[in-house]
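Visitor: What follows is a structure written as structure tokens; I'll ask about it next.
The values are calculated or read from the model by the stated rules, or taken from the named source; none is laboratory data. Predicted model only: the values in this text are computed from it and were never measured. Ideal geometry is used to build each Cβ from the backbone, glycine not excepted, and the neighbour counts take in all protein chains shown. Accessible surface is based on the protein model in full, side chains and every heavy atom, while ligands, DNA and RNA are left aside. Shrake-Rupley method; radii C 1.70, N 1.55, O 1.52, S 1.80 Å.
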Amino acid sequence: MQVITRVIPFAIALAFAGSAGAQQVVKLGHVAPISGPSAHLGKDMENAARMAVDELNAKGVAINGQKVTIQLVSEDDGADPKQGTAVAQKLVDAHVNGIIGHLNSGTSIPASKIYHDAGIVQISPATTAPQYTAQRFPGAFRVVASDVKLGATMGKYAVDTLKAKNIAIIDDRTTYGQGVADQFAKGVKGGAGVRIVGREFTSATATDYTAILTSIKAKKPDLIFFGGMDSVAGPMLKQIKALGIPTTFMGGDGMCTDALGRLAGAGLGEGKVFCAEAGGVKGPQEKVMEDFRARYKKKFNMDVQLYAPYVYDAVMVMATAMQNAKSADPAKYLPELKKIKYEGVTGTIQFDDKGDIKDGALTLFTYKGGKRTRLDVVR
């Protein structure tokens, strides 16, 4: 992993302009849902951003002999698009030098337009909807694979490995949930004898899924795919068990958390739930990830939930681009970000011409004994 010892400050972001030996400030904005059903994931992200910033500041970051302080400006978007655009504008008005976030595609995509119009660079550690980079905003990047890859990979796994034939699909009608479900549907099409027997939807805040699950039960699916977050998937699994639906359950990275075991309870079953996380490491890189998780737990007295390693790397990548450009002005460090090659906790980070990570990994998981268990890392 590359260690950063200096970060170059943005010329206009001087904490005490004009005074000799003045300390300079670089502001990094961070946005995630710190409230609401996904708050456990948002706090995980905020912790990692603070950890990265604290480590950089602890090294005594300086340029040309002048000390620089990196300031984390954290905002809560509540996983709500309207709140997301409001805090995006707030960060623009605060003259941040870059954005790390958002978690949800439904907040990240509308917010990205605000950052783009203001000329601010955004690196998302979690946004997977294809539309995010399809907008072709030059300052929008992500350090995880998109739903195109996740959907195709999970669709192939459902058909080839799990031998699913009758598949039902449910999504929460968010940008992320519907998007990943659509990509999964594309991934299973063409499989010999495979039928999509039902397509239902709920909401990200619903708690009762009896009606849609009863409808699906009548169609006798051997696999249900859910596009949405763990806060919905967990209760849904409880209701699937209560209704006696004998099916395998599958979903994307939004539900692929250790918390799913707690949220689903007995509905989790044994080796009946499968999911994929955008990202993942194996081989020698596993030791780097283990060390990060240990440092995180020591600092915050809690385990990594999901996206923390990607947030940490996003901060370090942005800081490295600033260092290489000798400026924290987004217009000046953006070209460096486009050509960066960074060895981080999550592996090698490089971006293609759209801002997507090159050769992004996916990790396949199942659940055994109530715990998430890795099956494989694929690229």
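Visitor: Specify the residue that is farthest from the chain's Cα centre (by Cα); the eligible residues are those in the range 223-243 that are open to solvent by 10 Å² or more (accessible area, probe 1.4 Å) and in contact (Cβ under 8 Å) with a residue 60 or more places away in the chain.
Guide: Among those residues, the one meeting the criterion is Ser231.
Visitor: Taking the range 136-160, which residues are open to solvent by 30 Å² or more (accessible area, probe 1.4 Å), touching a helix residue (DSSP H, G or I) at 6+ places or on another chain (Cβ under 8 Å) and not in a loop (DSSP other than H, G, I, E, B)?
Guide: Scanning the range 136-160 gives Val148, Ala152, Thr153, Lys156.
Visitor: Also, quick follow-up: Looking at Val92, Val73, can you tell me which residue is surrounded by fewer than 24 Cβ atoms within 10 Å (Cβ to Cβ), among the β-branched types (Val, Ile, Thr) and in contact with a Lys or Arg (Cβ under 6 Å, 6 or more places away or on another chain)?
Guide: Of Val92, Val73, the one residue that is surrounded by fewer than 24 Cβ atoms within 10 Å (Cβ to Cβ), among the β-branched types (Val, Ile, Thr) and in contact with a Lys or Arg (Cβ under 6 Å, 6 or more places away or on another chain) is Val73.
Visitor: Still on this structure: If you go through the range 192-206 one residue at a time, do you hit one that is more than 22 Å from the chain's Cα centre (by Cα), among the small types (Gly, Ala, Ser) and closer than 25 Å to Leu375 by Cα?
Guide: Checked the range 192-206: at least one residue is more than 22 Å from the chain's Cα centre (by Cα), among the small types (Gly, Ala, Ser) and closer than 25 Å to Leu375 by Cα.
Visitor: Could you tell me which residue of the range 303-324 is farthest from Lys371 (Cα to Cα), considering only residues that are of a type in the set (Ser, Thr, Tyr) and out of contact with any Ser or Thr (no Cβ under 7 Å at 6 or more places or on another chain)?
Guide: Ranking the candidates gives Thr320 first.
Visitor: Looking at Lys163, Lys219, can you tell me which residue is open to solvent by 40 Å² or more (accessible area, probe 1.4 Å) and under 16 Å from Thr366 (Cα atoms)?
Guide: Matching residue, one of Lys163, Lys219: Lys163.
Visitor: Kindly indicate which of Thr127, Thr133, Thr174 is crowded, with 17+ Cβ neighbours inside 10 Å, closer than 22 Å to Lys238 by Cβ and in contact (Cβ under 8 Å) with a residue 24 or more places away in the chain.
Guide: Within the list Thr127, Thr133, Thr174, the selection yields Thr174.
Visitor: While we're on this one: In the range 321-364, what residues are open to solvent by 40 Å² or more (accessible area, probe 1.4 Å), in a loop (DSSP other than H, G, I, E, B) and in contact with a Gly (Cβ under 8 Å, 6 or more places away or on another chain)?
Guide: none
Visitor: Between a residue in the range 246-267 that is open to solvent by 20 Å² or more (accessible area, probe 1.4 Å) and any residue that is part of a helix (DSSP H, G or I), which pairs come within a Cβ distance under 7 Å, given they are 6 or more apart or on different chains?
Guide: Matching pairs, first to second residue: Leu263/Asp230; Leu263/Ser231; Leu263/Gly234; Leu263/Pro235; Gly265/Lys238; Ala266/Lys241.
Visitor: When you go through Tyr312, Tyr367 one by one, which is the residue that is under 25 Å from Leu162 (Cβ atoms), crowded, with 21+ Cβ neighbours inside 10 Å and in contact (Cβ under 8 Å) with a residue 12 or more places away in the chain?
Guide: Being under 25 Å from Leu162 (Cβ atoms), crowded, with 21+ Cβ neighbours inside 10 Å and in contact (Cβ under 8 Å) with a residue 12 or more places away in the chain holds for just one of Tyr312, Tyr367, which is Tyr367.
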